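**Student:** My questions all concern the structure below.
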Amino acid sequence: FTQCFLLYHLCLQATPKMESKNALRVPLHFSQPALYSSKALFYRSNKDHQAHIFLVQSRSKDDIIMVNHYQVERNSFDFNSFRVPVKRPLLAHIIPDDQDQIKPQISLITTNDQFCALDLDTDKLVHNYQYQATDTALSHPPDVAHMAMLMLMCAICAYAYNGLYQIALFSVLIFGFAHHIASFARDVERDIKCTIPSLQKLHHIVSCAVYADNAIYFVGSQRSNPTQLNCFKFDTVDRRFCQLHSVDVRNISPAPTDIVEPHQMLYVEAMHSLILFTNTAHVFYLPLTDAINAKWKLFEDIVLPEIPGHRHQSMQAVVAFKGIIFLFYQREHDAMVYCWDLIFSGDLYQTDDNAFAGYDKFEDCLVVNTDTNWCHFVGKNFHCKFDLAEEIPASLSITHLQMYHSLIKQYSLECAPHAVVTMDIQMMILDYFPFFL
């Protein structure tokens, strides 16, 4: 009886929400994501509280970065381009500690394995982003050292020669020579320090920004040992890289039988963990409560229904409601959607009514979710969005309603042990309980 009542209550709450592709503007100068390294990023500014989506594409042959900026509330696009050689795949992210600007800074990894940032507020490229904060003293050496050297050389010249002309000439030459040597040494030190040594040994690199930690995490497989997964992070507050524990997938129980190559990495707030999808049916996770000492683990009870990249099938995943992962499998004219509940049950569900089956361009789309859980699909001459709350399977909704209902009943018993809280009152409380918001 309780399940039937909850299902009836769920049906009363259901209101279809979908906005067709014709209602949304399409990006400018945007190529097919399958042909270029592409990334879709969501950003909400703390300054004007407006929502933005940035579509970043790289064209490696001419070192051009193209940025399409979509303003969600205004439903409008603008476009800009920058000349910077970036590493493929495009490891672009919104820098977590920079949300006080109207437009953010986007981090990039160059082909020289250096960290730079695109400041979209000023349309400038910030080279060697991590170097500027850590070594300001080295980037601007004090003039006291130069003046001391000049005075010393002047005294030597005055002692050796008794002519003011020779002293002035020697002083100017020595000062200029010392300045150029110091500048050259500074540049060499900066380039050496700003090179990320871990990237040179890795391939199939994926990354994920975690705003709660003010960090960007990177994972890749070693070129010399494909079974080894290396992980490191960039701290956006201290602007420095930190090596984390690497893992040999053969030592994980049960060990995968295939060579593991990272496919996509996500952050799940409900678990405070990183989720790593690979080219296998296995899924790994890394708890971030103690990221320095944490080690990658394997979800033993979860096997993906389809392997990413198998049979020319692409897979993209987004996190919604702080703990539910939506898996979008795209192949030709077909699309399948699964929900992975990491809040309560930990089970994998297939959506009941596939609202995505009517669209035939999902294979060449970028998928990005917003903080209001409207998921955008953007491609060349194509843009639509869906309300992910309406894609929750009924079985998963009933599971969550039962969990919340049990919580409400237990809370009522503890707070009002002598009062009778009827089912109608419990349902009224459930109406105002946060549920897939």
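**Student:** Being of a type in the set (Gly, Ala, Ser) and outside any strand (DSSP E or B) is the filter; apply it to segment 379-401 and report the residue that is least open to solvent (accessible area, probe 1.4 Å).
**Tutor:** SER397
**Student:** One residue is enough: does segment 264-283 have a residue meeting the conditions more than 21 Å from TRP340 (Cβ to Cβ) and surrounded by fewer than 18 Cβ atoms within 10 Å (Cβ to Cβ)?
**Tutor:** Scanning segment 264-283, I find no residue that is more than 21 Å from TRP340 (Cβ to Cβ) and surrounded by fewer than 18 Cβ atoms within 10 Å (Cβ to Cβ), so the answer is no.
**Student:** Identify, from the list SER58, SER76, the residue that is among the small types (Gly, Ala, Ser), surrounded by 12 or more Cβ atoms within 10 Å (Cβ to Cβ) and at pLDDT 85 or above.
**Tutor:** Every option except SER58 fails the conditions.
**Student:** Would you confirm, using the coordinates I've provided, whether PRO33 is within 26 Å of PRO85 (Cβ to Cβ), modelled with pLDDT under 80 and crowded, with 18+ Cβ neighbours inside 10 Å?
**Tutor:** Taking the combined requirement at face value, the residue satisfies it.
**Student:** Quick one: which residue in ASP63, ASP98, ASP113 is out of contact with any Pro (no Cβ under 7 Å at 6 or more places or on another chain), charged (D, E, K, R) and either surrounded by 20 or more Cβ atoms within 10 Å (Cβ to Cβ) or at pLDDT below 90 (or both)?
**Tutor:** ASP113
The values are calculated or read from the model by the stated rules, or taken from the named source; none is laboratory data. Worth saying up front: this structure is predicted, and the values here are computed from it rather than measured. All Cβ positions, even for glycine, are placed from backbone atoms using ideal geometry, and neighbour counts span all protein chains on display. When the accessible area is computed, the model is the full protein with side chains, heavy atoms only, and any ligands, DNA or RNA have been set aside. Shrake-Rupley method; radii C 1.70, N 1.55, O 1.52, S 1.80 Å.
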